[in-house]
Structure formats: structure tokens, C-alpha cells
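Presented below is the structure to which this report refers.
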Amino acid sequence: MKRILISGLVNTETTVRVRQFPVNYYPIDYPFFGVQTTVSGVAYNIAKALHTLEDSVTLLTMTGQDFPAEYIQSQLKAVGLSTEHVKPKLRETPSSVVLYDGGGRRQIYCDLKDIQETGYGFDENICESADIVAACNTNFNRPLLRLAKAAGKTIATDVHVLTQIQDDYNRDFMRYADILFLSDEGIGGDYRPFLTELAWTYGNRILVLGRGAKGAAMYLREENRILELPAVRVGDIVNTVGAGDALFSGFVHYYAKGCSPLEALIRGELFASAKIRCSGAAEGFVTEGELEALYERYAQDMKGLLKEG
């Protein structure tokens, strides 16, 4: 059992099934069982995923002192996650609304409230027992990056959509990360030179690029290799929200256990593909045993389609 420290955003999330994009105007609709409110946010999604995979998880986040905060506290306890490091320092608890259609496309509205202007107040020894520190790219985690690096910890982070290598907001997260995840949604043209330059600019050991329906790519700086995996589909796609967090979680879990980056990425893709059979960013996670069964079924075909750039 590996010890993973996760710090970042936790919020309430309401998902709404819509008929199509763009959404046509009508005064009211009745999508029976198509509106759900759950706990979500990148840190919660990752924490719940890794807890499901039986890692020892420490979750650090902030909420308000309101009804959504009470709901978050109750749900954390219900899934077996400690609330010890959840600080009620915000004026209001962050929230999001996700519109999604029958094809799995989604549109997200995320209200961060005052979390970007509020400091967490990390204990100097907070990273001491962690095997990996997963620091989400929220402002309050900038001091945590320095603490984790000083403690010699492996740092993993996801900067999500990146349009340029010299990104002022994400610079700290990129230069401290040993393992860096991002999406291809902001990269125009060939992603390969972008990944290579990114890794050599910031010194990341491993870069993983989520490519949605195209699968995922990974750059290994020490080997100067780009590996490209195809997408894998293990069931019907209901909602793709949270797929990137699931990919990140599956990779971190298996990399922490000692798997090679390629083996960790294959399992991360399978973990994400299984997750998107459900709606809700923190729903649909499979256990390690279930994931290994999927690996036995799909891994050989995935390796057969592996490309090296």
C-alpha cells in the first residue's frame, strides 16, 4: 500500500444531461434521472480513485462553512477518506455544473469562489510520510511544491489545458513536477515537438498527454522517447468528465507500485475507460482486481498498436 498525498480542489458538482450541443433555448426540460449532484473536484476525484485502488490517501483541501461543506464532509466519511486536513477557510464552497450529451461530450462551468486567493497553511512536515505528492494546479499549492521538493518527494501534477510552454500561471507546477500530465486540447498541430520542448524546458522525467478519443502519449525524457497508445473502449461511454483525473490516478497508482511508465499508462487508460461508463467525475472507479481483469483482456491488443515517435 503506497502513501499518496493529494492536495487541491474539492467541490460539489451538478451534472445535467442535455439533448445536444449547442443547447437550444426552451424554458424547461425534464431529463428524468439526468440531473445529479455529487462531490467532485480534481483532488476529490483523484483521492477517491486512489482509495478505491487501496492506496493510503491523505487529502488536503479547503471548503466554506456552509451546507455544501457539510455534504462534502459526509461524503468523504462515507467513502472512507479522512477529513482531518479539510480546512473550512473559504467564504463559500466551490461548485461546478457539467452539461453532457449522449455522445459523452461535456461543457463545464466551475465556480472556484475565493479558493485562488486563500492560503492553506501547510505544516512543514506534511510531506514526510508520502511516497508521491499529487499537487493539483491550484494557487494554494505553490508552497507545497517547495516543501515536497525539499523533502525529496516525487511530485505529480496535471496542468490540464496548456496552450504554450511559457505559461505564467502553471510555470511553478511544471518546473517542480517529476511527472507532468496535460491535455492535447490546447495544442495545435503536431504534439511531439511540444512535449519534447516542454520536458527539456522544465526538466520533467515523464510527460503524459491525454488525447481523448485518440488515446494518450508519453514522453520519457531520460530515454528521449515518445510512446503513443491508442484509445481503448471497455464499455458504453456515458460521460467523459473526470476521464483525465482517472488516467492520472491509474498511472500514479501503478507507477508508485514500481510498474514501468508504459505499464502504468496502459493501466491508467483502462482505468479511465472503465470510469467513463458512469456519469459524474468521481463515479465509476473499478478496483485493482477488476482493473487487472481488464488488463488481461485488452493489454495485448493495446501493446500491438503501440507507436514510438
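The values are calculated or read from the model by the stated rules, or taken from the named source; none is laboratory data. Keep in mind it's a predicted model, so treat the numbers as computed, not measured. Every residue, glycine as well, gets a Cβ built from its backbone with ideal geometry; the counts of neighbours run over all protein chains shown. Remember, those area values only see protein heavy atoms, side chains included, never the ligands or the DNA or RNA. Shrake-Rupley method; radii C 1.70, N 1.55, O 1.52, S 1.80 Å.
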Worksheet item: Any chance segment 165-181 includes a residue that's in contact (Cβ under 8 Å) with a residue 12 or more places away in the chain, among the small types (Gly, Ala, Ser) and in a strand (DSSP E or B)?
Response: no
Discussion item. Suppose we filter segment 68-88 for residues that are surrounded by fewer than 16 Cβ atoms within 10 Å (Cβ to Cβ) and in a loop (DSSP other than H, G, I, E, B); how many remain?
Written reply: 5
Worksheet item: When segment 15-67 is examined, which residues are found to be open to solvent by less than 10 Å² (accessible area, probe 1.4 Å) and in a strand (DSSP E or B)?
Response: Thr15, Val39, Ser40, Leu59, Leu60, Thr61, Met62
Worksheet item: Looking at (1) open to solvent by 30 Å² or more (accessible area, probe 1.4 Å); (2) more than 14 Å from Ala216 (Cα to Cα); (3) of a type outside the set (Lys, Arg), which is the one condition that is false for Leu262?
Response: (2)
Worksheet item: Residues of segment 207-243 being open to solvent by 30 Å² or more (accessible area, probe 1.4 Å) and on the phi > 0 side of the Ramachandran plot, which ones?
Response: Gly212, Asn224
Practice prompt. Considering only segment 44-97, state which residues are small (Gly, Ala, Ser) and either touching a strand residue (DSSP E or B) at 6+ places or on another chain (Cβ under 8 Å) or in contact (Cβ under 8 Å) with a residue 60 or more places away in the chain (or both).
Written response: Ala47, Ala49, Ser56, Ser82, Ser95, Ser96
Worksheet entry | Residue in segment 282-302 that is more than 27 Å from Ile108 (Cβ to Cβ), acidic (Asp, Glu), free of Cβ contacts under 8 Å to residues at least 40 places away in the same chain and open to solvent by less than 50 Å² (accessible area, probe 1.4 Å) present | no
Discussion item. Within segment 163-182, take every residue that is modelled with pLDDT of 95 or more and hydroxyl-bearing (Ser, Thr, Tyr) and give me the one that is surrounded by the fewest Cβ atoms within 10 Å (Cβ to Cβ).
Written reply: Tyr169
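Among what's in segment 125-156 and is touching a Cys at 6+ places or on another chain (Cβ under 8 Å) and within 17 Å of Lys2 (Cβ to Cβ), pick the residue that is surrounded by the fewest Cβ atoms within 10 Å (Cβ to Cβ).
Here is the first cut: in segment 125-156, the residues touching a Cys at 6+ places or on another chain (Cβ under 8 Å) are 133, 144, 147-148, 151, 153.
Among the residues that remain, those that are also within 17 Å of Lys2 (Cβ to Cβ) are: 133, 148, 151, 153.
On the way: Val133: 29, Ala148: 27, Ala151: 16, Lys153: 19.
Checking each candidate, the answer is Ala151.
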Worksheet entry | Near pairs, Cβ below 6 angstrom, 6+ apart or cross-chain, from segment 227-244 (closer than 16 Å to Cys278 by Cα and touching a residue at least 12 places away in the same chain (Cβ under 8 Å)) to any residue that is in a loop (DSSP other than H, G, I, E, B) and of a type in the set (S, T, N, Q) | Val238/Ser279; Asn239/Ser279
Worksheet item: Would you pick out the residues in segment 89-108 that are at pLDDT 95 or above and exposed (fewer than 13 other Cβ atoms within 10 Å of the Cβ)?
Response: Arg91
Worksheet item: When you go through (1) within 24 Å of Asn11 (Cα to Cα); (2) of a type in the set (Asp, Glu); (3) open to solvent by less than 70 Å² (accessible area, probe 1.4 Å) one by one for Glu185, which number turns out not to apply?
Response: (3)
Practice prompt. Spot the failing condition for His160; the list is (1) open to solvent by less than 20 Å² (accessible area, probe 1.4 Å); (2) assigned to a strand (DSSP E or B), and only one is missed.
Written response: (1)
Item to complete: Go through Leu5, Leu9 for me and flag whichever is modelled with pLDDT of 95 or more and either farther than 28 Å from Leu291 by Cα or part of a loop (DSSP other than H, G, I, E, B) (or both).
Response: Leu9
